[in-house]
Amino acid sequence: MAPAKGQRRLSLCPGPPVAAIPFGDLLEEVGSMGTFQIFSVFFLSLPVLFLASHNLVQNFSAATPEHRCRLAQPGNLSRQENLVPLGEDLKPDRCRRFTGWLAPNSNDTAGKEAGLEPCLDGWQYDHSTFASTIVTEWDLVCNLQPLKSLAQSLFMGGVLVGAFVLGDLSDRYGRRLILIGSLLMVAIMGTGAAFSNSFLTYCIFRFLSGIACLPLPLPGLEWVPTKYRAVVVSIQSYCSTAGQVLLGGLAYAIRDWRWLQLAISAPFFAFFAYSWWLPESARWLLMNNEREAALRNLKHVARINGKAAMLETQTGSNSPGRGNHSCLDLFRTPGLRRISCCLMLISFSMNMAYFGLSMDLSMFDMNVFLVQLFFGAIDLVAKMVCALLLSYVGRRIIQSVSLILAGMFLLVSLPVPSDMLTVRLVFVVLGKGCLAASSMCLYLYGGELFPTPRIEETSP
C-alpha cells in the first residue's frame, strides 16, 4: 500500500539504508509530544508526587515527643514531680527517675545524693502533637534513640541498592517490567510497614520499599524527544517538591504514624493498576533487536497521537544491537573520568546537605508542619527560578552559583544563637532552596555531558 500524501514510509530494516533516521526523528513521525506523551508524563508524575513522602515521612512517623519515666504506681501530679529528677534544662529528666519518693522540701544536695534508676516501667509521652509514632510505639528513646536514625538509614540504603540493581535490570529486561514491579513493590512494602508489629519488621519493609523508589521517572522520558526532556524533567521535579508540601498536609491531618504510612503507600496500588497501559520503550526494544515489538509500539503511539506514519519492518541477522555497556564505561577515557568524578563529588555533597536538612526538622524546635511547608515552598520557587535561568544562562554557571550560595547560607546559619531560631530557619531555608536548584540543574547538566549510544533506523 502506497503512503498517502504527507506521509513518509519508515523502515526498521537493518539492511543498507537510503537515509538514516535517528530515533528522535522517528518519534517526530509518530507524534513527538502528542496525546500519548502528555498522558504518560502525567500518569508517571503522580508516583513521583508520593516518592518525596516516602523519603521524608519519618519527620512525622518517627517524631520524638516530650516524654519522661512512667511511674510504677502513678499518683497525683505532686507525687510524679517528686519521683522524676530535673534535667539540665530544668525539665523532668527523660531517661531516669528516683529510686524512691523525694520529699518536696528536700534540698538540692539531697536530690543529688538520692538514688537514680532508668525508666524500668517505660515512658509517658506527650500526645498533644502526634497520637502515635514509631518512637512511642517501640520506645525508641534514651539508649534506643539511635534506632530511629537506623530506620531512615536503612531506607536510604535501599535506595542505593535500587540504583545499582534496578538500573541494570531495566537495561536487561526492559523499562516497563521494572516500572510495574517497582510500583507494586512500593505499594506492598509501604503498606507492610504500616502494619508492622515490631521495629525489625518495620525496618525490613522500609529497606525493601527504598529499593523500588528510584527508577520510576525513566520510562516516560524515553518516549519524549530530547528537546522536550528538560521540560519533562522540570515537571517531575516540581511534582517531587509538591510532594513535600503534600506530606506536610497529610501529616497535619493524620497524626497516627500507621495511617500516615498507609496514606502514602496505598495510592501506589492505583499507580500499579494503570501502569500496564504504558507500552515498552521503543528505544529499548530497538537497542535489543526486538524490531517487531518496537514497530507495534510505535504504531500504537501513532494511533493515539492521531498520526498516520507508515512503518515497515524487516528482520535480519545483521541488525545492530545494544553494545555491552557498563558503569566502567564512565571511566574509560580521561575526559569521562574527569566528568564522572566531578559529578559524583557534586552529587554526593549536594545530596548529603539536602537530605541532612530535610530529614531532621526537629532540630529547629518549631512547628514541624510549618517547617515542612516552608521547605517545600522554597524548593518550588528555587526550581522555577532555575528553570527560567536555564534558558538564558549556561548550565555550569547556574550549577556553580547555586552551590556557592547554598554553602554561604548554611555556613552563616551556624553561628546564629539558639534563641534566634527564626533567623537560623531563614538562612537554612534559603540554603536548601539553592541546593534544590542545584539538583535540578545537575540532573539536566549531567545527562548532557555524557555521550549516549546512538540509535539509527533506516528508510528506503
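The values are calculated or read from the model by the stated rules, or taken from the named source; none is laboratory data. These numbers were taken from a predicted model, which means no experiment stands behind them. Cβ coordinates were reconstructed from backbone atoms using ideal geometry, including for glycine residues, and neighbour counts include every protein chain displayed.
For this structure, a couple of remarks:
- Set side by side, the residues Val371, Val401 differ, and just one is modelled with pLDDT of 90 or more and assigned to a helix (DSSP H, G or I), which is Val401.
- In segment 279-295 there is no residue matching the filter, namely being in contact with a His (Cβ under 9 Å, 6 or more places away or on another chain), at pLDDT 90 or above and not polar (S, T, N, Q).
- Within segment 170-181, the residues that satisfy the criterion of being crowded, with 16+ Cβ neighbours inside 10 Å and in a helix (DSSP H, G or I) are Ser170, Asp171, Arg175, Arg176, Ile178, Leu179, Ile180, Gly181.
- One residue alone among Met352, Met363, Met408 is assigned by the TED database to the domain that holds Arg338, assigned to a helix (DSSP H, G or I) and closer than 30 Å to Asp329 by Cα, and that residue is Met352.
- Residue satisfying all of: in segment 115-168; in a loop (DSSP other than H, G, I, E, B) and of a type in the set (Ser, Thr, Tyr); farthest from Ala251 (Cα to Cα) among these: Ser128
- Matching option when the condition is buried (at least 22 other Cβ atoms within 10 Å of the Cβ) and either farther than 30 Å from Cys386 by Cα or not assigned by the TED database to the domain that holds Asp379 (or both), among Met189, Met156, Met185: Met189
- Within this structure, Ala163 fails the test of being crowded, with 16+ Cβ neighbours inside 10 Å and either in contact (Cβ under 8 Å) with a residue 24 or more places away in the chain or not polar (S, T, N, Q) (or both).
- Where Ala309 falls short, out of the listed (1) modelled with pLDDT under 85; (2) surrounded by fewer than 18 Cβ atoms within 10 Å (Cβ to Cβ); (3) small (Gly, Ala, Ser): (2)
- Some residue of segment 414-422 being among the small types (Gly, Ala, Ser) and in a helix (DSSP H, G or I): no
- Going through (1) within 23 Å of the chain's Cα centre (by Cα); (2) surrounded by fewer than 15 Cβ atoms within 10 Å (Cβ to Cβ); (3) not aliphatic (A, V, I, L, M) one by one, Phe374 falls short only on (2).
- Answer residue from segment 235-256, given it is outside any helix (DSSP H, G or I) and in contact (Cβ under 8 Å) with a residue 40 or more places away in the chain and is nearest to Leu370 (Cα to Cα) among those: Arg255
- Gly407 being more than 30 Å from Phe130 (Cβ to Cβ) and either of a type in the set (A, V, I, L, M, F, W, C) or surrounded by 15 or more Cβ atoms within 10 Å (Cβ to Cβ) (or both): yes
- Hey, Tyr228 under 30 Å from Cys386 (Cα atoms) and of a type in the set (Phe, Trp, Tyr) or not: yes
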